[in-house]
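I have placed the structure first, in the form of structure tokens, so that the comments after it can refer back to it.
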Amino acid sequence: MDITKYVPLNENQQMIKETIREFTESKIRPHVMEWDEDQIFPIDLMHELGELGFLGILVPEELGGAGLGYVEYSIVVEEIARIDPSVALSVAAHNGLCTNHINVFGSDELKKKYIPDLATGKKIGAWGLTEPASGSDAGGMQTTAEKVGDHYILNGTKTFITHGKSGETAVIMAITDKEKGKKGISAFVVEKGTEGFSVGKKENKLGMRASETTQLIFENCKVPASNLIGKEGEGFTQAMKILEGGRISIAALSCGLTIGCLESSVTYSKERKQFNKSLSEFQAIQFKLADMATELHAARLLTYDAARIKDSGGDISFPASMAKLYSSEIATKASNEAVQIFGGYGFVKDYPVEKFYRDVKLLTIGEGTSEVQRIVIARHLLRE
């Protein structure tokens, strides 16, 4: 049974779903455990995804992108996460953060210079907001950018940066005016190879191990003034808008992971025999599957609703936070229940639910923790 059919898609969206599902089954599934065990970031696979148009989903066709919207974006991320959430995370970070930041807020010159290579997968993108001393409190960053002539000089460290090592184009937030607080933060495009720009520690992670995560270090890094995105002081506002859209992608990723858990659990419960009966005949298991499916459907409705609002130009702060919060929380529950259904086999790496269980934890943390989402939702309610 395909639980995903209960969120209707148009003909083009259904074709995208079938295309990316076929790709993930043939190109990703055979390598999931290898990439996870050895922490391999499959950059060749990313280039292939770029050639198919899946790394420039939100980019206009004239800039080399697919010219699609957040519904299609959600479909792609969800389908990849069904097989390997860590690859889905890389696809989401590339599309929704670096590439989208330049696409939405960059000048025509910056778009023409950087977007085509990002949209087609010739280059991989990174996005730098988080720092060792500032996570949820993004306004507390310490990286600075001082204007000197026709350049900015960047100094500081970014941490937990997806594609920090392999990314060739990075969007970096830095303070240009300390006196203005959040309103003194600006955004810049920084190219790999720029003097003073280096890669720091690569993180050895619990999950999402095929998605590369490193520190980025800036030591008197000289960036052309023309690489400022928008105006000085707009960086924090830009970043928050980008994160709103990113919450839809994390919600979709959460839904995809939950689909993977549900499909694995249904299959295993039918095959596994105990007390001369399949597990699926026990009501305790049936209840787990029923709850998983119901919560998944609710999460997908929230996610695709937020995506459609985004595509129509509406304000998504409230619906995106609800989608991200609920989807990531039910994904956490689903992975836990899946391991319980598998019993001892759920605790070993021969079965996919062990990896889902490790991967899922990032989803209640990344792009705004569950606590931050609750704050956003509550503020909307109380403001009204």
Provide the three semi-axes, in whole Å and in decreasing order, of the ellipsoid equivalent to the range 339-384 as defined by the square roots of 5 times the Cα gyration tensor eigenvalues. 35, 10, 5
Say the dipole of the chain comes from +1 at the beta carbon of Lys and Arg and -1 at that of Asp and Glu; which of Tyr326, Thr144, Val199 then lies farthest toward its positive end? Tyr326
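Sum -39500 (n - 2.57) across every DSSP H segment of at least 4 residues in the chain, then divide by the residue count to get the 222 nm mean residue ellipticity, nearest 500.
Details: 12 runs with 184 residues, N = 384.
Taken over the chain, the calculation gives -16000 deg cm²/dmol.
Which trypsin sites (Lys or Arg not before Pro) does the range 181-250 hold that lie in a coil by DSSP with at most 13 other beta carbons within 10 Å? Please report the intermediate quantities before stating the final value.
Details: sites: Lys182, Lys183, Lys192, Lys201, Lys202, Lys205, Arg209, Lys222, Lys231, Lys241, Arg247; in loops: Lys192, Lys205, Arg209, Lys231.
Here the sparse-neighbourhood loop sites are Lys231.
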Once the Cα atoms of helix 70-83 and of the chain are each reduced to a long axis, what angle between those two axes, in degrees from 0 to 90 to the nearest 10, is obtained? 60
If you take the alpha carbon radius of gyration of the range 292-338 and divide it by 2.2 N^0.38 Å, what ratio comes out, to two decimals? 1.21
Could you give me the percent of Cα pairs per 10 Å distance bin for the range 30-170, shortest bin first, beginning at zero and ending with the bin that holds the maximum distance? 12, 37, 34, 16, 2, 0
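Can you send over the carbon and sulfur percentage of the accessible area for the range 169-211, probe radius 1.4 Å, protein chains only? Walk me through the numbers before you get to the answer.
Working: 950 of 2070 Å².
The nonpolar share, carbon plus sulfur, comes to 46 percent.
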For the range 316-378, with only Lys/Arg (+1) and Asp/Glu (-1) charged at the beta-carbon, what is the dipole magnitude about the Cα centre, in debye rounded to 20? 40
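Write down, largest first, the equivalent ellipsoid semi-axes of the range 152-233 in whole Å, where each equals the square root of 5 times an eigenvalue of the alpha-carbon gyration tensor. Provide the component values of the computation, followed by the final result.
On the way: eigenvalues 116, 40, 24 Å².
Listed largest to smallest, the semi-axes of the range 152-233 are 24, 14, 11 Å.
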Considering only protein heavy atoms, what per residue accessible area in square angstrom results for the chain with a 1.4 angstrom probe? 44
In whole angstrom, and with the biggest value first, how far do the Cα coordinates of the chain range along each principal axis? 79, 49, 41
Can you give the angle from 0 to 90° between the axis of helix 370-383 and the longest principal axis of the chain, with both taken from C-alpha atoms, to the nearest 10? 80
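Just in the range 333-375: which trypsin sites (Lys or Arg not before Pro) are loop by DSSP and have at most 14 other Cβ atoms within 10 Å? If you can, show how the numbers build up before the last one.
Details: sites: Lys333, Lys349, Lys355, Arg358, Lys361, Arg374; in loops: Lys349.
For trypsin sites (Lys or Arg not before Pro) across the range 333-375 that sit outside H, G, I, E and B with at most 14 neighbouring Cβ atoms in 10 Å, the list reads Lys349.
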Counting just the Cα atoms, what span does the range 116-163 cover along each of its three principal axes? Round to the nearest Å and put the largest first. 34, 33, 14
Could you give me the radius of gyration and the Dmax of the range 118-194, taking only the C-alpha atoms into account and expressing both in angstrom? 12.9, 40
Would you grab the residues whose amide H sits under 5 Å from the one on His163? Only those 5+ places off in sequence or on another chain, please, with H modelled 1.01 Å from N. Glu212, Thr213, Thr214
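How large is the charge dipole for the range 113-180, taken about the Cα centre, if only the Cβ atoms of Lys, Arg (+1) and Asp, Glu (-1) carry charge, to the nearest 20 debye? Don't skip to the answer; put the middle values down first.
Details: 8 positive and 8 negative charges, 50 e Å.
Computed about the Cα centre, the dipole is about 240 debye.
Cα convex hull of the range 254-384: mean projected area in nm², to one decimal?
On the way: hull surface 35.3 nm².
Orientation-averaged projected area of the Cα hull: 8.8 nm².
Please list, by residue number, every one of the trypsin sites (Lys or Arg not before Pro) in the range 62-163 that is coil in DSSP and has at most 15 other beta-carbon atoms within 10 Å. Show your work: numbers first, answer last.
Values: sites: Arg82, Lys111, Lys112, Lys113, Lys122, Lys123, Lys147, Lys158; in loops: Lys122, Lys123.
The qualifying sites are Lys122.
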Might you report the magnitude of the Cβ-based charge dipole of the chain about its Cα centre, with Lys and Arg at +1 and Asp and Glu at -1, to the nearest 20 debye? 740
Taking max minus min of the Cα coordinates of the range 237-331 on each principal axis, largest first, gives extents in Å of 60, 17, 17
Of Thr258, Leu89, Ala66, which is farthest towards the positive pole of the chain's charge dipole, taken about the Cα centre with +1 and -1 on the beta-carbons of Lys, Arg and Asp, Glu respectively? Thr258
For the range 63-142, using Cα atoms only, the Rg and Dmax in Å read 14.2, 38
The range 234-294 - percent of accessible surface contributed by carbon and sulfur, probe 1.4 Å: 54
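The values are calculated or read from the model by the stated rules, or taken from the named source; none is laboratory data. Keep in mind that what you see is a predicted model, and the values were worked out from it rather than measured. Backbone-built Cβ (ideal geometry, glycine too); neighbour counts: all protein chains shown. Protein only, heavy atoms only, side chains kept; ligands, DNA and RNA dropped before computing areas. Shrake-Rupley method; radii C 1.70, N 1.55, O 1.52, S 1.80 Å.
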